[in-house]
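**Student:** Dumping the structure here so I can ask a few things about it.
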Amino acid sequence: MSRKDDHIKEALKQQSTTNDFDRVRLMPNALNECSLNSVSLKTQFLGRTFDAPIMINAMTGGTAQAELINEKLATIASSYNIPMAVGSLSGALKNDASAKTYDSVRSIMNNAFLIGNLGAEHGIKNVERARKKIDANAMQIHLNPLQELIMPEGDTNFKGYINNIRDIHAKLDIPLIVKEVGFGLDPHALKTLKEIGVDGIDVSGRGGTDFKRIENARRDIPFNDLNNYGLSTVESLLEARPLNIQTLIASGGVRSPYDVIKALSLGATMVGLSGWFLKLVHNESVDSAFKQMDVFFDELRRIMCALGATKPTDLRQVEKIYDAELYNYIQQRQIKK
Ligand SMILES: Cc1cc2nc3c(=O)[nH]c(=O)nc-3n(C[C@H](O)[C@H](O)[C@H](O)COP(=O)(O)O)c2cc1C
């Protein structure tokens, strides 16, 4: 079985659990005079207007199974006018059969916003080649040192990544996003990426799909004791707040509309979901996936109305209440609330 199909199989086994979004409460707003009709989810992101502040984040491509999943995801993304990222295109750079599996995704997306994905070991030439394979509207570069180091066939040398990102950003004429894959972006990574000036920073923190478990399932001798490795999505967002990153993307463990609202209140412009969408298209017919999407959009608007927010950016004003564990993190790290 290919690595891509292994990842899908193992990700589908993971149940959604409690995570740091449960440690954040939002101050209610009982006297807010909001009218549900006036609530809009419209979101400006990387130069386009989308119908909601959510996106389908990078997952897959390159195999027959991945193609089918991407086709369903693309149907959702184009129907609901939300961005969609495909999984790493590294296989498509090596192999025409793998590259062909992306053709239908672009054709279903039509002119909708499709994002390509590669690792930071690649230079601008490969990024341009990957971009062309799907006629990408933006590119993501993923940072995943721990995943690579657990992966039996993974990279073990991360030298030159900062220069690669700097050079790609300077030469690429579509937006560049840099993301983690579920271990969170730390203060050094966040500051460096802000200084380089990449167009979007996706913290992709701990709390959802767990690549330690996915790669451990592919190893003969699993790594133990890495259970609390990484920053949660909420912790990464808290670290990002003082940096005033213009386009901050929250992903990792987003399970519901309320999690999306909390991520937006913590400063995100866009919220990415991977595991949630994978299970949606795996478990449901396209018709029933559409019904769940309608419910998701409706709940987002209703929660915003309850909080007195008529647009997603209003949520940044909502006061947050943290539980003792997160408050301890905030104090230890001396983050201004
Ligand atoms: C099956 C699967 C494959 C993934 N492959 C990629 C990938 O190729 N590139 C990437 O940047 N992230 C990849 N990811 C990571 C996601 O983009 C995301 O960062 C991570 O799953 C956390 O989000 P979640 O908790 O909503 O799943 C993958 C995730 C899943 C579930």
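**Student:** Any chance you could tell me what percent of the C-alpha pair distances in the stretch 29-95 go past 16 Å?
**Tutor:** Details: 1325 of 2211 pairs.
Here the tail beyond 16 Å accounts for 60 percent of pairs.
**Student:** Please state the relative contact order of the chain as a whole percent: Cα pairs under 8 Å, 6+ residues apart? Please report the intermediate quantities before stating the final value.
**Tutor:** Values: 643 pairs, mean separation 75.1, N = 337.
Relative contact order of the chain: 22 percent.
**Student:** So what does E325 come to for accessible area, using a 1.4 Å probe and Å² rounded to 10?
**Tutor:** Per-residue accessible area (E325): approximately 120 Å².
**Student:** Something else now. From the cross-link list K94/K125; K132/K159; K262/K336; K9/K279, which pairs have alpha carbons spaced over 22 Å apart? Numbers along the way, then the final one.
**Tutor:** Numbers: K94/K125 13 Å; K132/K159 26 Å; K262/K336 18 Å; K9/K279 11 Å.
Violating the 22 Å Cα-Cα cut-off are K132/K159.
**Student:** Quick check on the chain: of the DSSP beta bridges with both residues there, what percent are antiparallel, nearest 5%? Write out the running numbers ahead of the final one.
**Tutor:** Values: 6 of 30 bridges.
DSSP beta bridges in the chain are roughly 20 percent antiparallel.
**Student:** Alpha carbons only, please: Rg and Dmax for the stretch 64-192, in angstrom.
**Tutor:** Rg and Dmax of the stretch 64-192, Cα atoms, are 14.8, 41 Å.
**Student:** Exactly which trypsin sites (Lys or Arg not before Pro) in the stretch 44-147 are in a DSSP loop and have at most 13 other Cβ atoms within 10 Å? The partial results should precede the final answer.
**Tutor:** Working: sites: R48, K72, K94, K100, R106, K125, R129, R131, K132, K133; in loops: none.
Of the trypsin sites (Lys or Arg not before Pro), not one in the loops of the stretch 44-147 has a Cβ with at most 13 other Cβ atoms within 10 Å.
**Student:** Viscosity 0.692 mPa s, temperature 37 °C: what is the translational diffusion coefficient of the stretch 246-308 from Stokes-Einstein with a Kirkwood Rh over Cα pairs, rounded to a whole number of µm²/s? Mind dumping the intermediate values first?
**Tutor:** Details: Rh = 12.5 Å.
D, rounded to a whole number, is 263 µm²/s.
**Student:** Then there is this: Rounded to whole Å and sorted largest first, list the principal axis extents of the Cα atoms in the chain.
**Tutor:** Principal-axis extents of the Cα atoms in the chain, largest first: 59, 45, 40 Å.
**Student:** Determine the dipole magnitude for the stretch 158-297: charges of +1 sit on the beta-carbon of Lys and Arg, -1 on that of Asp and Glu, nothing else is charged, the reference point is the Cα centre, and the result goes in debye to the nearest 20. Provide the component values of the computation, followed by the final result.
**Tutor:** Working: 16 positive and 17 negative charges, 34 e Å.
Computed about the Cα centre, the dipole is about 160 debye.
**Student:** Given C-alpha coordinates of the stretch 1-45, what is the ratio Rg to Rh with the Kirkwood estimate of Rh?
**Tutor:** Numbers: Rg = 19.6 Å, Rh = 15.7 Å.
Here the Rg-to-Rh quotient is 1.25.
**Student:** List the aspartates and glutamates whose alpha-carbon lies under 16 Å from that of K179, not counting same-chain residues fewer than 8 positions away?
**Tutor:** Of all the aspartates and glutamates, those that pass the test against K179 - Cα under 16 Å, at least 8 places apart if same chain - are E121, E148, E195, D199, D202, D210, E235, E239.
**Student:** Based on DSSP loop calls and a cut-off of at most 14 other Cβ atoms within 10 Å, the longest stretch of the chain free of exposed chymotrypsin sites (Phe, Trp or Tyr not before Pro) is what? Display every interim value, and only then the final one.
**Tutor:** Values: sites that count: F223, Y229.
For chymotrypsin sites (Phe, Trp or Tyr not before Pro) (loop position, at most 14 other Cβ atoms within 10 Å), the longest site-free span of the chain is 1-222.
**Student:** Leaving out ligands and nucleic acids, and using a 1.4 Å probe, what accessible area per residue does the stretch 3-332 come to in Å²? Don't jump to the answer; show the numbers that get you there.
**Tutor:** Numbers: 14500 Å² over 330 residues.
Spelled out: the 1.4 Å probe surface of the stretch 3-332, per residue, equals 44 Å².
**Student:** Counting only protein heavy atoms and a 1.4 Å probe, tell me what percentage of the chain's accessible area is made up of carbon and sulfur.
**Tutor:** Numbers: 7300 of 15300 Å².
Carbon-and-sulfur percentage of accessible area, whole number: 48.
The values are calculated or read from the model by the stated rules, or taken from the named source; none is laboratory data. A quick note: this is a predicted structure, and the numbers were derived from the prediction, not measured. Note: ideal-geometry Cβ built from the backbone for every residue, glycine included; neighbour counts use all protein chains shown. We work out accessible area using only protein heavy atoms, side chains counted, and drop any ligands, DNA or RNA first. Shrake-Rupley method; radii C 1.70, N 1.55, O 1.52, S 1.80 Å.
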